[in-house]
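One structure is given here, and the rest of the page talks about it.
The values are calculated or read from the model by the stated rules, or taken from the named source; none is laboratory data. Treat the numbers as computed from the prediction; the structure is a model and nothing was measured. Reconstructed Cβ throughout: ideal geometry from the backbone, glycine too, with neighbour counts over all protein chains shown. When the accessible area is computed, the model is the full protein with side chains, heavy atoms only, and any ligands, DNA or RNA have been set aside. Shrake-Rupley method; radii C 1.70, N 1.55, O 1.52, S 1.80 Å.
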Amino acid sequence: MKFALIKEQKSIHEKRVLFSPLQLRKIADYYPQHQFIVESSVTRCFSDAAYIKQGFRVDKNINDADVFFGIKEIPLHALQPYKTYFFFSHTTKMQPLNKKYLQYLREKKITFYDYEKLIDNNNKRLVAFGASAGNIGAYHALRTYGLKNDLFNIARPHCFSNIEQLKNEITKLVIPNIKIVITGTGNVGNAAANFFKSVGIRQVSSVDFLNREYSYPIFAQLHTSNYIEHAVTKEFCKDDFVKHPYKYNSTFLKFAKCADLFVAGHYYVKDMPMFFTQNQIVQNDFKINTIADISCDLNQPIPTTIRTSTPKNPIYGCDKLTGNEIDYKNPNSIAIMAIDNLPCELPEFSSTEFGNQFATKIFPLLINNPQHPILKRACVLKKGQFTKGYQYLENFLQFENNFACSRLE
């Protein structure tokens, strides 16, 4: 079988790759019966020369490969019919923006595996950039708060090589006695929490966060049950929430009245309630003035995330009165950091960590046991047909198409 590493084309900021040259060399040596090629790229964090040095063919034409490994969505014109692909598609949650993309994958009879769906029996992600995103997002959160409040100005993450260097930069600062609230207890939220702890910011319970004042900076990491409740019972049931999110209300406002900085690392559930409303933002007791939205789902469930930002221009302001974009330094604004590809800022570090996960947990299955449940759960399309776990996407596409036709008529 012939495997190919694809160049990234979705964004000029995207420099990640599945395997570093050294990782790919180790894999090729372990599986000599298979071939590995690399698509030429001038933006990838590892140069073409580095792969050539390890003995790999680097070419602009890799269409002879059987399996293609990317990171983000591959441009439609670059997708080859009847081939097998691995990448993040942002389709399985029925994202409207990628509906046409999903249709194209189906029409071209492609077999497609989504990295996001490589999970174990407990629904835990086996490969993810979440830890990198959480660490870099936590750094950005403190940097954004410092700029918003004229406290300090530190370099952007891309000026460093790894997470430890980011932490060292933060330890040089004098951080005031701010309160930071984190949502999310997965890879992203846990990494952000560990970052703050490692730089000397103390963790407190959600109860103490709401009821106590401190002379030093603190943070609370919230579980969904801390800020979401059933509209009738006032309780939280995870399984019911996932099935019926529209039956739940947000109670996050009590934290917004205490927190200075909000770091959003939660997993978005379609139709979940908004964390807060435009009317609540303008109230005098709404204290948050900086939001680092690592989850970065536009307009919902955080209404101030009105667009994504970029590593080059990571911060914008959201006017508390109108909801429109303004200068983040404006006193009437909330400063928003909403980079949707944070691991790109440390591409070599992020790629190597992700590649290690895939090389140890997934690639051996792909070679030796392609029908393994882990791979079957991640296979969205098999030769253009939705697999059993993703039949709902067929209904999604059909409904969308019918709805579009009705509007045209």
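If you go through the range 346-366, how many residues are surrounded by fewer than 15 Cβ atoms within 10 Å (Cβ to Cβ) and in contact (Cβ under 8 Å) with a residue 40 or more places away in the chain?
Matching residues across the range 346-366 total 2.
Please verify whether LEU24 is surrounded by 21 or more Cβ atoms within 10 Å (Cβ to Cβ) and over 22 Å from GLN80 (Cα atoms), treating the condition exactly as stated. Steps first, please.
Values: surrounded by 21 or more Cβ atoms within 10 Å (Cβ to Cβ): yes; over 22 Å from GLN80 (Cα atoms): yes.
Considered against the rule, which asks whether it is surrounded by 21 or more Cβ atoms within 10 Å (Cβ to Cβ) and over 22 Å from GLN80 (Cα atoms), LEU24 comes out as yes.
Could you please find all residues in the range 380-397 being in a loop (DSSP other than H, G, I, E, B) and either of a type in the set (Ser, Thr, Tyr) or surrounded by fewer than 15 Cβ atoms within 10 Å (Cβ to Cβ) (or both)?
Filtering the range 380-397 down to residues in a loop (DSSP other than H, G, I, E, B) leaves 383-384, 387.
Matches in the range 380-397: LYS383, THR387.
Given the criteria open to solvent by less than 60 Å² (accessible area, probe 1.4 Å) and in contact with a Leu (Cβ under 9 Å, 6 or more places away or on another chain), does VAL58 qualify? Walk me through how you get there before you give the answer.
On the way: open to solvent by less than 60 Å² (accessible area, probe 1.4 Å): yes; in contact with a Leu (Cβ under 9 Å, 6 or more places away or on another chain): no.
Answer is no for this residue.
Looking at (1) within 21 Å of GLU14 (Cβ to Cβ); (2) open to solvent by less than 50 Å² (accessible area, probe 1.4 Å); (3) outside any strand (DSSP E or B), find the lone condition where TYR113 falls short.
Tallying (1) within 21 Å of GLU14 (Cβ to Cβ); (2) open to solvent by less than 50 Å² (accessible area, probe 1.4 Å); (3) outside any strand (DSSP E or B), TYR113 fails exactly one: (3).
With the requirement that a residue be touching an Asp or Glu at 6+ places or on another chain (Cβ under 9 Å) and of a type in the set (A, V, I, L, M, F, W, C), what does the range 299-345 give you?
Those that are touching an Asp or Glu at 6+ places or on another chain (Cβ under 9 Å) and of a type in the set (A, V, I, L, M, F, W, C): ILE302, ILE306, CYS318, ILE326, ILE334, ILE336, MET337, ALA338, ILE339, CYS344.
Need the failing condition index for GLN33 against (1) modelled with pLDDT under 95; (2) in a loop (DSSP other than H, G, I, E, B), just the number.
GLN33 satisfies all of (1) modelled with pLDDT under 95; (2) in a loop (DSSP other than H, G, I, E, B) except (1).
Of the conditions (1) part of a helix (DSSP H, G or I); (2) touching a helix residue (DSSP H, G or I) at 6+ places or on another chain (Cβ under 6 Å); (3) not small (Gly, Ala, Ser), VAL127 fails just one. Which one is it?
Unmet for VAL127, out of (1) part of a helix (DSSP H, G or I); (2) touching a helix residue (DSSP H, G or I) at 6+ places or on another chain (Cβ under 6 Å); (3) not small (Gly, Ala, Ser): (1).
Scan the range 233-249 and tell me whether some residue there is closer than 27 Å to LEU166 by Cα and not β-branched (Val, Ile, Thr).
Let us first name the residues in the range 233-249 that are closer than 27 Å to LEU166 by Cα, namely none.
No, the conditions are met nowhere in the range 233-249.
Could you check how many residues of the range 272-304 are in a helix (DSSP H, G or I) and either at pLDDT below 95 or more than 30 Å from ASP239 (Cβ to Cβ) (or both)?
Let us first name the residues in the range 272-304 that are in a helix (DSSP H, G or I), namely 278-281.
Add one more test, that the residue is either at pLDDT below 95 or more than 30 Å from ASP239 (Cβ to Cβ) (or both), and what stays is 278-279, 281.
Qualifying residue count, the range 272-304: 3.
Which of (1) open to solvent by less than 20 Å² (accessible area, probe 1.4 Å); (2) hydrophobic (A, V, I, L, M, F, W, C); (3) under 17 Å from the mean Cα position of the chain (by Cα) is the odd one out, the single condition LEU105 does not satisfy?
Here LEU105 clears every test but (3).
Considering each of ASP271, ASP297, ASP293 in turn, give the residue that is surrounded by 13 or more Cβ atoms within 10 Å (Cβ to Cβ) and over 30 Å from VAL174 (Cβ atoms).
Values: ASP271 fails: surrounded by 13 or more Cβ atoms within 10 Å (Cβ to Cβ); ASP293 fails: over 30 Å from VAL174 (Cβ atoms).
Just one listed residue meets the conditions, ASP297.
Exactly one condition in (1) surrounded by fewer than 20 Cβ atoms within 10 Å (Cβ to Cβ); (2) under 20 Å from GLU116 (Cα atoms); (3) touching a residue at least 40 places away in the same chain (Cβ under 8 Å) is not met by HIS266; state its number.
(1) is the only condition that HIS266 fails.
Are any of the residues in the range 82-98 hydroxyl-bearing (Ser, Thr, Tyr), in contact (Cβ under 8 Å) with a residue 40 or more places away in the chain and open to solvent by 30 Å² or more (accessible area, probe 1.4 Å)? Step through it out loud before you land on a result.
Restricting attention to the range 82-98, the residues satisfying the condition of being hydroxyl-bearing (Ser, Thr, Tyr) are 82, 84-85, 89, 91-92.
Adding the requirement that they be in contact (Cβ under 8 Å) with a residue 40 or more places away in the chain leaves 82, 89, 91-92.
With open to solvent by 30 Å² or more (accessible area, probe 1.4 Å) added as a condition, the list becomes 82.
Within the range 82-98, one or more residues are hydroxyl-bearing (Ser, Thr, Tyr), in contact (Cβ under 8 Å) with a residue 40 or more places away in the chain and open to solvent by 30 Å² or more (accessible area, probe 1.4 Å).
Are any residues in the range 89-110 assigned to a loop (DSSP other than H, G, I, E, B) and modelled with pLDDT under 95, and if so, which ones? Step through it out loud before you land on a result.
Filtering the range 89-110 for residues assigned to a loop (DSSP other than H, G, I, E, B) gives 89-95, 108-110.
Once the filter is applied, which keeps residues that are assigned to a loop (DSSP other than H, G, I, E, B) and modelled with pLDDT under 95, the range 89-110 yields SER89, HIS90, THR91, THR92, LYS93, MET94, GLN95.
Would you call ASN123 closer than 30 Å to LEU397 by Cα, free of Cβ contacts under 8 Å to residues at least 24 places away in the same chain and surrounded by fewer than 16 Cβ atoms within 10 Å (Cβ to Cβ)?
Values: closer than 30 Å to LEU397 by Cα: yes; free of Cβ contacts under 8 Å to residues at least 24 places away in the same chain: yes; surrounded by fewer than 16 Cβ atoms within 10 Å (Cβ to Cβ): yes.
So ASN123 fits the description; yes.
Determine, yes or no, whether LYS234 is open to solvent by 70 Å² or more (accessible area, probe 1.4 Å), basic (Lys, Arg) and not in a helix (DSSP H, G or I).
Values: open to solvent by 70 Å² or more (accessible area, probe 1.4 Å): yes; basic (Lys, Arg): yes; not in a helix (DSSP H, G or I): yes.
In short, yes.
Matching residues to (1) farther than 17 Å from PHE88 by Cβ; (2) open to solvent by 20 Å² or more (accessible area, probe 1.4 Å); (3) part of a helix (DSSP H, G or I):
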position: PHE3; (1), (2), (3): yes, no, no
position: VAL17; (1), (2), (3): no, no, no
position: VAL42; (1), (2), (3): yes, yes, no
position: ALA49; (1), (2), (3): yes, yes, yes
position: ILE62; (1), (2), (3): yes, no, no
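Suppose we filter the range 322-345 for residues that are closer than 17 Å to PHE275 by Cα and surrounded by fewer than 17 Cβ atoms within 10 Å (Cβ to Cβ); how many remain?
Summing the residues that are closer than 17 Å to PHE275 by Cα and surrounded by fewer than 17 Cβ atoms within 10 Å (Cβ to Cβ) in the range 322-345 gives 1.
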